[in-house]
Amino acid sequence: MIDDTGQNEDRLFAQLAAESQILWINPALSTSHDVTAYKKDIADARRRLHNAHYHLQRSFPGTRALSKVVESPLFSAEDLAKCWDIPRWLVKADHCLPIAGSIKARGGFNEVLAFAESVATENGLPPPSSGMPNYTHPDARRLFSHYSVVVGSTGNLGLSIGMIASSLGFRTAVHMSRDAKSWKKDLLREKGVEVIEHAGDYSVAVEQGRESAKSDPKCHFVDDEHSVNLFAGYGAAAAELASQLEQLQVVVDDDHPLFVYVPCGVGGAPGGITYGLKALFGRNVHCFWAEPSASPCMLLQLLSGVHRPVSVYEIGLDNVTEADGLAVGRASPFVAPLMADLVSGIYTANDGQMLDMMLSVRETESMQVEPSAAISFFGPLFLTASDAGRRYCRVQGIGRTFRHATHVSWTTGGSLVPVAEWGPLYERAKAFRGQAKALANGWNR
Ligand SMILES: *Cc1c(COP(=O)(O)O)cnc(C)c1O
């Protein structure tokens, strides 16, 4: 079947099953969006993350020199831009986020802080007033020791939830999927977090976590597949990016489109960011998501229609990838329908291409990012070099204005990776040297 953008759906399914690298353009993308439903949740998340400053600096002394703890820099990737001939290319560096070392700091901290606020309020502590969170009350810690927080994760969400929940005094358990790296589990155990290891994938870890929390009314399960507070925490990043663009005097309007590329696992992080950006920039922001060819769960879900949940196993994929943060077989049933007309498109890349890109980003920009984050750098290349990308720009009326576009790659994780891990990772990556360039050249044919 041929869709409204001229794409052959049967061919796309076949390409997905064959792990080909594709750029899918969303035929249901709308030019007017209703992005009001979660506006208040996102505003609350901004306030909450801002007001957590004092607690975070006290609990994590390494952050005391920072003026803002849950905020990441916006870098200009000039050398990379020159290398790939992209006019203006920026990096939203969530791999630098302190404490959790990944984008999960945004969603995870918001979720746990919201739970802490409500437990404190329910137990008679004063409600959170402006600037003074009630979870810093002298009685709060003892109170929280009777409550627990549980989460299922491929690694980074567990790290984020474990760090913040244990800092507040909650008993904390993290159910880790087979993908989780040992150093992430070790770090959590050092913090007194209980780590439960599963031989199954992300969905299994989430299910086990959900099951274990069910019978205990004092246990909060962080539901990565349905949580509004995770989504809203990610969404709060949109206003942060907007103010950083303004500081750099980057204009976003009809003549200056903004393209943002975000890696996608279950969908919460790219979903929240896209929702937040659409609320601020409307049709002038174009949000593209990136998935590993072995785990393109959101692309498969949106292609199949959002009414029936599908998993990548159904089309014969194994959901095994170096991009551990994105190793998810089934998309969030909460986020997928919300995004059906907001996301511009989704592209895929395989492990070799991600690893080579990771090398290339280190060599040109001296940035150390996880393979999950490196995939965001393929965005501008897909858009400029592939037929689908060029067609998207034509259909959107972005012809001459493309020269004035700003591209933002969202680097979602990396700064906590131990030194001893990078060596072997870069060694492995060298076997794939040239694959990123070969992918970009391949689109030209
Ligand atoms: C979790 C994660 C993502 C994607 O977030 P989802 O909410 O799962 O879509 C991207 N990159 C990294 C490094 C992550 O840990």
(request) Quickly run through segment 201-223 and pick out the residues that are free of Cβ contacts under 8 Å to residues at least 24 places away in the same chain and surrounded by fewer than 13 Cβ atoms within 10 Å (Cβ to Cβ). (result) 214, 215, 217
(request) Collect the residues in segment 257-280 that are in contact with a strand residue (DSSP E or B) (Cβ under 9 Å, 6 or more places away or on another chain) and near the ligand (Cβ under 6 Å from one of its atoms), keeping them in residue-number order. (result) 263, 264, 265, 267, 269, 270
(message) For residue 306, only one of the following conditions fails: (1) within 13 Å of the ligand (Cβ to nearest atom); (2) part of a loop (DSSP other than H, G, I, E, B); (3) closer than 20 Å to residue 202 by Cβ. What is its number?
(response) (1)
(message) Just to verify a result, which residue in segment 401-430, among those that are among the β-branched types (Val, Ile, Thr) and in contact (Cβ under 8 Å) with a residue 12 or more places away in the chain, is nearest to residue 88 (Cα to Cα)?
(response) 406
(message) Which count do you get for residues in segment 300-333 that are hydrophobic (A, V, I, L, M, F, W, C) and over 15 Å from the mean Cα position of the chain (by Cα)?
(response) 9
(request) Being assigned to a loop (DSSP other than H, G, I, E, B) and touching a residue at least 12 places away in the same chain (Cβ under 8 Å) is the filter here, so list the residues in segment 249-276 that pass it. (result) 250, 252, 254, 255, 257, 264, 265, 266, 267
(request) Count, please, the residues in segment 376-418 that happen to be away from the ligand (no atom under 14 Å from the Cβ) and assigned to a strand (DSSP E or B). (result) 3
(message) Which condition from (1) part of a helix (DSSP H, G or I); (2) within 16 Å of the ligand (Cβ to nearest atom) is the one that residue 113 breaks?
(response) (2)
(request) Hey, could you check segment 309-328 for residues that are in a loop (DSSP other than H, G, I, E, B) and away from the ligand (no atom under 12 Å from the Cβ) and say which is surrounded by the fewest Cβ atoms within 10 Å (Cβ to Cβ)? (result) 316
(request) State whether one or more residues within segment 141-156 are at positive phi, within 16 Å of the ligand (Cβ to nearest atom) and either of a type outside the set (Phe, Trp, Tyr) or in a loop (DSSP other than H, G, I, E, B) (or both). (result) yes
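A short reminder: the numbers here are calculations on the coordinates, not readings from a lab. It should be emphasised that the depicted structure is a prediction, and the values quoted were computed from it without experimental measurement. As a convention, Cβ positions derive from the backbone with ideal geometry for all residues, glycine included, and neighbour counts pool all protein chains shown.
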